[in-house]
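Notes follow the structure.
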Number of protein chains: 2
Amino acid sequence: MLIKVAIIDDKSSNRNILKDKLLRHGHFTITVMAEDGRDFLEKMKNLDEKQLPDVALMDLEMPNMDGVDAIAAGSSFFPSVKFVVLTIFDDEEKIFKAIKAGAFGYLLKDESAENITDMLWQMHESGVGPLSPGIAHKILQMVQNNELTLVPKAAGANQKLFFDLTEREREILQLLVDGLSYKEIGVRLSISANTAKKHVINIYDKLHVNSRAQALHLAYEKGLL
Amino acid sequence: MLIKVAIIDDKSSNRNILKDKLLRHGHFTITVMAEDGRDFLEKMKNLDEKQLPDVALMDLEMPNMDGVDAIAAGSSFFPSVKFVVLTIFDDEEKIFKAIKAGAFGYLLKDESAENITDMLWQMHESGVGPLSPGIAHKILQMVQNNELTLVPKAAGANQKLFFDLTEREREILQLLVDGLSYKEIGVRLSISANTAKKHVINIYDKLHVNSRAQALHLAYEKGLL
DNA sequence: ATTTTAATAATCCAAAGGGATTATTTGCCT
DNA sequence: AGGCAAATAATCCCTTTGGATTATTAAAAT
C-alpha cells in the first residue's frame with residue numbers, strides 16, 4: 001500500500017527534488033503538489049477521497065498563505081491528513097506555532113534524503129510523529145526555560161445528550177459544522193439540496209435556533225459532535 | 001576520547017546489562033554506578049574531576065531518592081553533566097517533571113541497545129539532547145492538547161497565534177460565534193451593519209474561508225476565541 | 001391494518017450573506 | 001510631515017439561507 005503524499009513548497013526545484021526522493025523510495029506516491037497554502041487548499045477541495053493524501057509535507061514561508069495557516073486550516077478541514085513541516089527554519093516561534101496549528105511532525109530540510117523518507121515511513125508504521133533531533137532538543141529547552149508550562153487539564157464530565165436529533169440529522173449537523181452548503185451536503189449524501197435544507201430546518205426547529213452560526217454554537221458548546 | 005557515563009538504576013541486572021552494551025560500543029567508559037538518587041549524589045561528591053561523568057543515565061522510579069529529584073539536584077550541583085532519563089515510563093506527568101528538573105534527554109528502555117548507544121553518541125557529537133520518538137510524539141501531543149502552553153514571556157504581549165486577526169476582528173469573530181447577524185453586530189458595537197460586514201469579510205480573507213460556518217469551525221478547532 | 005415518524009423532494013418568497021470596490025478618518029511609526 | 005494600517009461606511013450584484021407549505025415513500029410502532 002503506497003503512502004499518498006502532498007508536497008507544498010513555493011520553489012519548484014524543492015518540490016521536484018523531494019518528489020524524486022520519495023518516489024525513489026518505492027513506498028510513496030505524490031497526489032498533490034502545490035506552490036503555497038492557498039493553492040494547496042484549493043486543490044484539496046477538488047479532490048476525491050481516493051486521492052486524499054495521508055501526509056502533507058509543508059514548507060513554512062510561502063506567499064499568499066504560509067505553512068502555519070495552511071496547517072491550521074488544513075488540519076481542521078482534513079483531519080485525516082498528517083501535516084508534517086519540512087523547512088529550514090528552526091526558531092522556537094515557528095516550531096511552537098506550527099505544532100499549535102496542528103503539525104504532526106517537524107522535519108528540517110538539512111536532514112538527509114534517507115532520513116526524511118525513513119522518518120515518514122516510521123511515522124506510517126508506528127503512528128508516531130516525526131521530529132528532527134534538533135527540533136526535539138529545542139522543544140526540551142523551551143520546556144526547561146519555562147517558555148512552555150503544564151496546564152492543568154479541566155476534567156470535564158463529557159456527556160452528550162442530544163436534542164432528540166435523528167441519526168440522519170446528526171450526520172447533517174456534522175456537515176454543517178464542517179462548513180458545507182446545502183448543495184455540497186446534497187452531493188456528499190447523494191440527496192437533493194432541497195432535502196438537505198429540509199433536514200437543516202428540522203434541526204433548527206429541534207435546537208430552537210434559526211441560523212447556522214447559532215446551531216454550530218450549540219453543537220460546540222453542548223458537545224453534540 | 002571516551003565518553004564517561006554514570007548509570008543510576010535500582011536493579012543491578014539493569015545496570016550490568018546497560019554497562020555491557022555501552023562498553024561493547026567502544027566509545028564509552030563507566031565512571032559511576034549507583035542504585036538510587038541518594039547513592040548517586042553521594043558517590044558524585046567523592047569524585048575527582050577526572051572521573052566526573054559526561055552523561056548520567058537515570059532511571060526514574062527508585063527507592064530513597066527518585067530520578068526526578070536526583071536530576072534536579074544533580075543538574076544543579078554538576079552543571080556539566082548531561083542527565084538523560086532511561087526508563088520504561090512514558091506518561092506525560094513523568095516526562096514533564098523530568099524535563100523540568102533538567103533532563104537533557106529522555107530515552108525509553110524498550111529502545112534497542114544500538115539505538116541507545118547511537119543516540120548517546122549523537123548527543124556527544126551534535127550537543128543535541130536525545131529523545132525516543134515516542135516521547136517526542138507525546139510532547140507534541142501535549143502541546144497540541146493545550147497541556148503545554150507558551151508562557152507569555154513579555155507580559156502583555158498579546159498572543160495572536162495565527163491568522164493575525166486584529167483585536168476588533170477577534171471581537172467580531174466572537175459575535176459571529178454567538179450567532180449574531182450583521183445588523184445585530186452593528187447594533188451591539190454601535191457601528192453600521194455595513195462596517196460589521198466589512199470586518200467579517202476581512203476575517204474570512206485572513207482565515208481563508210468563505211462562510212460563517214467555516215469561520216466558526218476554524219475558530220473552535222483552533223481556539224481563536 | 002392503520003397511524004406515525006423519518007426521509008425524500010419541490011416551490012415560493014423574503015431576508016441575509018458573500019464579494020468587490022471605493023472612500024473617509026484616525027492614530028501610529030519613522 | 002508623510003506613510004501606513006485599521007476602522008469606519010456605502011453601493012452594487014448575485015448567491016445562499018431560512019421559513020412555510022405540500023407531497024410521496026418506506027419503515028416502525030400501535
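The values are calculated or read from the model by the stated rules, or taken from the named source; none is laboratory data. These numbers come from a predicted model, not from an experiment. Cβ coordinates were reconstructed from backbone atoms using ideal geometry, including for glycine residues, and neighbour counts include every protein chain displayed. Each accessible area value is taken on the protein alone, full model and side chains, heavy atoms only, with ligands, DNA and RNA left out. Shrake-Rupley method; radii C 1.70, N 1.55, O 1.52, S 1.80 Å.
Quick look at the values:
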{"item": "The protein assembly as shown: Cα Rg divided by the 2.2 N^0.38 Å rule of thumb", "result": "1.15"}
{"item": "Rounded to 10°, Cα long-axis angle of helix B:212-221 versus longest principal axis of chain B", "result": "20"}
{"item": "Average other protein chain Cβ within 10 Å of Cβ, residues A:70-76", "result": "5"}
{"item": "Folded to 0 to 90 degrees: helix B:67-77 orientation relative to chain B principal axis, Cα", "result": "80"}
{"item": "Förster radius 30 Å - calculated FRET efficiency between A:D90 and B:L52 (Cβ-Cβ, nearest 0.05)", "result": "0.45"}
{"item": "Normalised contact order of the range B:3-144, rounded percent, pairs of Cα under 8 Å and 6 or more residues apart", "result": "20"}
{"item": "Estimated inter-spin distance, B:Q122 and A:Y204, nm [label 7 Å along Cα→Cβ]", "result": "5.6"}
{"item": "Karplus-derived HN-Hα couplings along the range B:55-61 (A = 6.51, B = -1.76, C = 1.60, θ = phi - 60°), whole Hz, x at Gly and Pro", "result": "10, 10, 8, 10, 6, 9, 7"}
{"item": "Inter-chain shielding of B:126-137 (mean C-beta neighbours from other protein chains, 10 Å cut-off)", "result": "6"}
{"item": "Those lysines that a straight Cα-Cα span of less than 23 Å connects to A:K183, excepting residues fewer than 8 apart in one chain", "result": "A:K43, A:K45, A:K50, A:K197, A:K198, A:K206"}
{"item": "Unit charges on C-beta of K, R, D, E only; dipole of the range B:153-222, Debye", "result": "80"}
{"item": "Using alpha-carbon coordinates, inclination of helix B:193-207 to the longest axis of chain B, degrees", "result": "30"}
{"item": "Rg and Dmax of the range A:64-109, Cα atoms only, in Å", "result": "9.9, 27"}
{"item": "Against the rule of thumb 2.2 N^0.38 Å, how large the Cα Rg of chain A comes out", "result": "1.18"}
{"item": "Distance-filtered residues of the range A:33-53 - backbone nitrogen under 18 Å, label point 7 angstrom along A:E61 Cα→Cβ", "result": "A:35-38"}
{"item": "Solvent-accessible area buried by B and A, counting both chains, probe 1.4 angstrom, square angstrom", "result": "4500"}
{"item": "Percent of alpha-carbon pairs separated by more than 15 Å within the range A:84-139", "result": "41"}
{"item": "For the range A:25-132, radius of gyration divided by Kirkwood radius, i.e. Rg to Rh on alpha-carbons", "result": "0.93"}
{"item": "FRET efficiency for A:K45 and B:R170, using Cβ-Cβ distance with R0 set to 41 Å, rounded to 0.05", "result": "0.95"}
{"item": "Set of aspartates and glutamates near B:K138 by C-alpha distance (under 14 Å), chain-local residues within fewer than 8 positions excluded", "result": "B:D90, B:D91, B:E92, B:E93, B:E147"}
{"item": "222 nm mean residue ellipticity, helices alone, for the protein assembly as shown (DSSP H n ≥ 4; -39,500 (n - 2.57); rounded to 500)", "result": "-15500 deg cm²/dmol"}
{"item": "Ascending list, in nanometres, of distances separating the A:T29 label from those of the other copies (7 Å, Cα toward Cβ)", "result": "5.7"}
{"item": "Measure of compaction for the range B:153-222 (Cα Rg per 2.2 N^0.38 Å)", "result": "1.13"}
